[in-house]
């Protein structure tokens, strides 16, 4: 009997499981892999939240952000101003447009590159700020899940009886 028990213990249990250890050579243990993946994602989110979560904006940053907001409205109002100038004083406007026609083509390419880089950088900065807010939201997910579970547990509990006192209940039934 002891020999059979030792044989089964070697293959199916006790301290080592030869079948499981052999199978893990050919196929990854899915449970252990999902645990490692979850720990990796949690560590990455925690590091990301720690890196970008607590940034405070000082006066210099606010000033630079204000300057960065100027080019788009200035370009829009500039175009509207040119349209108004063309209607008010067509000769003055035509003189300026003849001058623009004398700007060499490489200068136009350079101006296009500068404007493209400016708007591309702004787009990237706003995208990173959006990703930071997503990381902060994801860092709060475990607390929200815990709160929801607590609320569901409270909802599942039976409601307490209005009057656990039998004598008081009987008295309430006799009252009109």
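Conditions (1) assigned to a helix (DSSP H, G or I); (2) closer than 25 Å to residue 51 by Cα; (3) in contact with a helix residue (DSSP H, G or I) (Cβ under 9 Å, 6 or more places away or on another chain); (4) at pLDDT below 80, marked per residue:
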position	(1), (2), (3), (4)
117	yes, no, no, no
120	yes, yes, no, yes
125	yes, yes, yes, yes
130	yes, yes, no, yes
138	yes, yes, yes, yes
145	yes, yes, no, no
151	yes, no, no, no
160	no, no, no, yes
173	yes, no, no, no
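Each residue in the stretch 34-54 was checked for being surrounded by 10 or more Cβ atoms within 10 Å (Cβ to Cβ) and free of Cβ contacts under 8 Å to residues at least 24 places away in the same chain, and 14 of them qualify. Of the candidates 91, 25, the single residue that is in a helix (DSSP H, G or I), loosely packed, with under 10 Cβ neighbours inside 10 Å, out of contact with any helix residue (DSSP H, G or I) (no Cβ under 7 Å at 6 or more places or on another chain) and modelled with pLDDT of 80 or more is 91.
The values are calculated or read from the model by the stated rules, or taken from the named source; none is laboratory data. Only a predicted model underlies this, so the values are computations on that prediction, with no experimental measurement involved. A quick note on method: Cβ atoms are made from the backbone with ideal geometry, for glycine too, and the neighbour counts reach across all protein chains shown.
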